[in-house]
Amino acid sequence: MHKNILSRSLATAFLFGLTARMNAQELVVRIDDMGCSHSANVASIDTYRNGIAGSVEVMPVCAWFPEAVRMLKENPGLDVGVHLTLTSEWENVKWRPLTHCPSLVDKDGNFYPMMNAHKAYPGQSVKENLSGLKLAEVEQEFRAQIELALRHIPQVTHLTGHMGATGFTPEVNELVKRLAAEYGLSSIDRAGSAEDYSFQYVGYDGPHGTLEEKKASFIGTLKKMEKGRRYLFLDHPAYDDAEMSTVFHVGYENVAADRQGVTDLLKSEEVKNVIRERGIKLIDINALTKQLPRQEATKKLAKAADKYIEAVVQAKQDLHSIMVVKDGKVVFEKWMGSGKENEPHVLNSVSKTFTSAAVGLAISEGKLSLTDKVISFFPDKLPAQVGEHLSALTIRHLLTMNTGHEKDPSKLRNTEKDWEKAFLHTEFPRQPGTIFCYNSLATYMLSAIVQKVTGQKLVDYLYPRLFRPLGINNVRWQESPTGVNAGGWGLFLKTEDLAKMGLLLLQGGQWHGKQVLPADWVKEMSSAQVPCVPAGRNSDALPQLMKNVKKSDWLQGYGYQMWRCRHNAFRADGAAGQYIIVIPEKNAVVATTANIGNMQAEIDLIWKYLLPAL
């Protein structure tokens, strides 16, 4: 009786959660003009940390941009857009282009104050000077602003326009679309963007001069939001302080008081309560434009998911999250225990698969080859006598955990400061390529090599090539004492990020028609390159362990930093239950985060309950 009640409760919870997710009103609260003043910078972070703001638009042309960069690096979870700028509207403070573009500036070399004609500023608007505007100068200036932001702010995901800068002519509109695609960014504020990303701009539903008017009008807007719709609200937080009191333009003189009201609105407990009561889901622009599509689960899968969760609970498995993608759409997702949808989770050795992706990209760019000798990258860190086995060690040996070690040397990272040197000074008792021994320090060496040949840390190298195209943001990767990303561990991502990576691999490295990872590399990294055994053993134990091959997912073969599974699947996995499981025969991906010691028991439940329903 108790079991049936539990089963019905879990089923109801699952169906309610899925329905709520698909029917929720989703809202982006966007804050503009970070970088234009110290006051705006501080208020932007304040309304993110203590309020409801989710995305911020930064202006690279402004004097306070360097401070904005520092603050955004300290707040990597804040989604960032490049606020493309061609106007400088305030009295008492002006900004200029980053490039030489005489058709875009006034006689003093500043941007024009207005986009549209304004009676207080005759002849000083962009649109009044269109006849002399050169599209090539707009492009070079936009590129400079984008590249400056990308160089300093990793979490940039999209483009927006200051005072309509991204869509004031059809030609500019198309230019912005082209630049967004080239840089792997979404583009908002241009013609057609609301339709492209299926959202609606909303503002205040009434007067909004005072704080009380702002709250009443914004709450009115919230109450009119419809289930299943997505909305974007934007405003400009700052403080009523000495700095902002000097800022104005004719027709908008009460800037400081008005923007203090915006700051207070976005932090208002009354507003937060309405959002909670109405079940409005706050998202950012990255999620708005690059979230995986959702689809209601089939009845078969819904029932299987219910039984799976029940089994997880009964087995006392500390599952934190699970996401199932079928035919490119999320059909099941759940967060439990300490798992949180919008907080990156430690991935442990799932990190290795991302390192392998970086190696494949570096090879495709001609910077590496599988046969490159490891010692060639570290001439200053080699032992006095380089043995035959160390001399033979290649990139491929690192990738396949066939370094020649009989025991994993990774504990050296706990005592040594120079991990590359420590690895190279270990004993290599076997010929590389003849013995499998799971070895996280070998993956670290791959990270160090990628950094050597690209001049970038792994995370920085992957941002434009992998993370940004997939809409993976808020990436953190631990580093060695010498400033190299750990490679084999230490990466933190969200569950949906894992699902995206799995889907990319399932699709042979393609993402929305673009080849993000080389198809041949995806095939190689996911194929059985060498026989394997569980971590903590070496392949000398393989004959004995193979007696259990039909029941073990650690004996199916190892690729390039990926494991083969039963059911013709392959996976990235990390200690304590982190998985990206790719199941080609079902056109499906299962991603999990957890704190589960018995990972075979964890994946067994996935095979038992979810696999047959996919």
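The values are calculated or read from the model by the stated rules, or taken from the named source; none is laboratory data. Note that this is a predicted model, so its numbers are computed, not measured. FYI the Cβ positions are ideal-geometry reconstructions off the backbone, even for glycines, and counts take in every protein chain you see. Surface accessibility is based on the protein's heavy atoms, side chains included, excluding ligands, DNA and RNA. Shrake-Rupley method; radii C 1.70, N 1.55, O 1.52, S 1.80 Å.
General remarks:
- Residues of region 277-318 satisfying the condition of being open to solvent by 20 Å² or more (accessible area, probe 1.4 Å), part of a helix (DSSP H, G or I) and over 23 Å from Asn474 (Cβ atoms): Glu277, Lys299, Lys300, Lys303, Lys307, Val313, Gln314
- Of the residues making up region 203-231, those that are out of contact with any Leu (no Cβ under 9 Å at 6 or more places or on another chain), in contact (Cβ under 8 Å) with a residue 24 or more places away in the chain and among the hydroxyl-bearing types (Ser, Thr, Tyr) number 1.
- Scanning region 137-178 for residues that are assigned to a helix (DSSP H, G or I), of a type in the set (A, V, I, L, M, F, W, C) and open to solvent by 10 Å² or more (accessible area, probe 1.4 Å) gives Ala144, Leu148, Leu150, Met163.
- Of all the criteria given as (1) part of a helix (DSSP H, G or I); (2) open to solvent by 10 Å² or more (accessible area, probe 1.4 Å), the one not satisfied by Phe218 is (2).
- Residues in region 427-460 that are out of contact with any Pro (no Cβ under 8 Å at 6 or more places or on another chain) and of a type in the set (D, E, K, R) were compared, and the one that is surrounded by the fewest Cβ atoms within 10 Å (Cβ to Cβ) is Glu427.
- Among the residues listed as Asp553, Asp540, the single one being acidic (Asp, Glu) and either within 24 Å of Ser321 (Cα to Cα) or in contact with a helix residue (DSSP H, G or I) (Cβ under 7 Å, 6 or more places away or on another chain) (or both): Asp553
- Residue within region 242-250 that is aromatic (Phe, Trp, Tyr) and either open to solvent by less than 40 Å² (accessible area, probe 1.4 Å) or under 29 Å from the mean Cα position of the chain (by Cα) (or both) present: no
- Cβ pairs under 6 Å, 6+ apart, first in region 82-94 and without any contact (Cβ under 8 Å) to a residue 24 or more places away in the chain, second among the small types (Gly, Ala, Ser) and assigned to a loop (DSSP other than H, G, I, E, B): Lys94/Ser88
- With respect to (1) under 22 Å from His397 (Cα atoms); (2) of a type in the set (Ser, Thr, Tyr); (3) not in a helix (DSSP H, G or I), the lone exception for Thr482 is condition (1).
- Applying the criterion of being hydroxyl-bearing (Ser, Thr, Tyr) and closer than 30 Å to Val516 by Cβ to the residues of region 179-215, the residue that is most open to solvent (accessible area, probe 1.4 Å) is Ser198.
- Residue in region 256-265 that is modelled with pLDDT of 95 or more and surrounded by fewer than 17 Cβ atoms within 10 Å (Cβ to Cβ) present: yes
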